[in-house]
Amino acid sequence: MTVSSLPALRLDHIAVSAPTLEEALHYTQETLGLSIPEGGKHPKMGTRNHLLSLGPDLFLEVIAIDPEAKKPTHPRWFNLDQLKEGPARLSTWVLNTSDIKTSLSAGPPEGGLATTVTRGDLSWLISVPEDGSMPMAGFYPTLIQWPEGPHPASGMEDFGCRLDKFLIKHPEADRMNKYLMPCFADPRVTIEKASTPVVEAHIETPDGIRKLVG
C-alpha cells in the first residue's frame, strides 16, 4: 500500500473520561466555565456522554459508564472498566477517516478493530482494541468513520468554543509521528518527545483560553 493511497485523517473529537459521568462533567464544566449538553447513550458499550461543539466538524466528548445500563459481555471502550478511581482527565483524541479498515491496517498493531456503535439513530465505526484499552494509553488516537452526510458536530448547539491547540508529549512521539505523518496534518496538533506523557487541549471559550489535561 502506498502513502498516496491512504485516506486522509482529520481531527474529529477529543474526550474526557472519569469513573462517573458526574466527575467527568464537573471537571470539564468547571474548567471551561460552561454547561455541556447531554449527548446520549451507547447501548453496546453501556456508556453515556455529553457533547460540546468545537466547530462544524469537531467536538468535545465527556464520557463515562452509564450506571443504569446493563454491563456488556465485552470490555467497554475508552478503557472505562479500568477507571475504578482517579480524577477526571483528558483521556484521548479521535481522528476521522473515510476508510477505517485501511487506516487501521496502516497504523500500529495495537490500534484495535473497527467496531459498530450506535447512539440513538446514529451508527458509526470506531476502533476499539479487544481489551477495551486505547492505543498507547490514549496518547495515540482512536479512529472513527462516520456515515456519509453532515458531521455530527454540525447539529450541536454552538457556544463559541474552539480548539486552539492540542499538545501531546510522549516517549514514543517518534513512533506516533511515523504512523500519522503520511496522512495527518493539523496546525493545532503538536506531538513532541518527552520522558513523561502529557496531553493538553487548549480551548478558546467566551471567557478566554482554558486548558484540559490528561
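The values are calculated or read from the model by the stated rules, or taken from the named source; none is laboratory data. Note that this is a predicted model, so its numbers are computed, not measured. All Cβ positions, glycine included, derive from the backbone under ideal geometry; neighbour counts span all protein chains shown.
Of everything in region 55-66, what is over 13 Å from the mean Cα position of the chain (by Cα) and assigned to a loop (DSSP other than H, G, I, E, B)? Give them in sequence order.
Our first condition is that a residue be over 13 Å from the mean Cα position of the chain (by Cα); within region 55-66, this holds for 55-57, 65-66.
The answer is GLY55, PRO56, ASP57, ASP66.
Identify all residues within region 164-199 that are touching an Asp or Glu at 6+ places or on another chain (Cβ under 6 Å), touching a residue at least 24 places away in the same chain (Cβ under 8 Å) and of a type in the set (A, V, I, L, M); write none if there are none. Reasoning before the result, please.
Going residue by residue through region 164-199, those that are touching an Asp or Glu at 6+ places or on another chain (Cβ under 6 Å) are 164, 167, 169, 173.
Narrowing the set further to residues that are touching a residue at least 24 places away in the same chain (Cβ under 8 Å) leaves 164, 167, 169.
LEU167 - this is the single residue of region 164-199 that is touching an Asp or Glu at 6+ places or on another chain (Cβ under 6 Å), touching a residue at least 24 places away in the same chain (Cβ under 8 Å) and of a type in the set (A, V, I, L, M).
Would you be able to say whether some residue in region 138-154 is modelled with pLDDT of 95 or more, over 15 Å from LEU95 (Cα atoms) and in contact with a Leu (Cβ under 8 Å, 6 or more places away or on another chain)?
Checked against the condition, which is being modelled with pLDDT of 95 or more, over 15 Å from LEU95 (Cα atoms) and in contact with a Leu (Cβ under 8 Å, 6 or more places away or on another chain), region 138-154 yields no hits at all.
More than 19 Å from the chain's Cα centre (by Cα) and within 25 Å of GLY39 (Cβ to Cβ) - does that describe any residue in region 188-195?
Checked against the condition, which is being more than 19 Å from the chain's Cα centre (by Cα) and within 25 Å of GLY39 (Cβ to Cβ), region 188-195 yields no hits at all.
Among the residues of region 83-104, count how many are modelled with pLDDT under 95 and more than 17 Å from the chain's Cα centre (by Cα).
In the first step, residues of region 83-104 are kept if they are modelled with pLDDT under 95; the result is 83-87.
Retained after the next criterion (residues that are more than 17 Å from the chain's Cα centre (by Cα)): 84-87.
Residues flagged as modelled with pLDDT under 95 and more than 17 Å from the chain's Cα centre (by Cα) within region 83-104 amount to 4.
Check LYS71 against each of (1) in contact with a helix residue (DSSP H, G or I) (Cβ under 7 Å, 6 or more places away or on another chain); (2) surrounded by fewer than 22 Cβ atoms within 10 Å (Cβ to Cβ); (3) free of Cβ contacts under 8 Å to residues at least 60 places away in the same chain and name the one condition it does not meet.
Answer for LYS71: the failing condition is (1).
Within region 167-188, can one find any residue that is in contact with a helix residue (DSSP H, G or I) (Cβ under 7 Å, 6 or more places away or on another chain), buried (at least 18 other Cβ atoms within 10 Å of the Cβ), at positive phi and outside any helix (DSSP H, G or I)?
The answer is no, given that none of the residues of region 167-188 is in contact with a helix residue (DSSP H, G or I) (Cβ under 7 Å, 6 or more places away or on another chain), buried (at least 18 other Cβ atoms within 10 Å of the Cβ), at positive phi and outside any helix (DSSP H, G or I).
Take the conditions in contact (Cβ under 8 Å) with a residue 40 or more places away in the chain and crowded, with 17+ Cβ neighbours inside 10 Å and apply them to SER98. Does it pass?
So SER98 fails the test.
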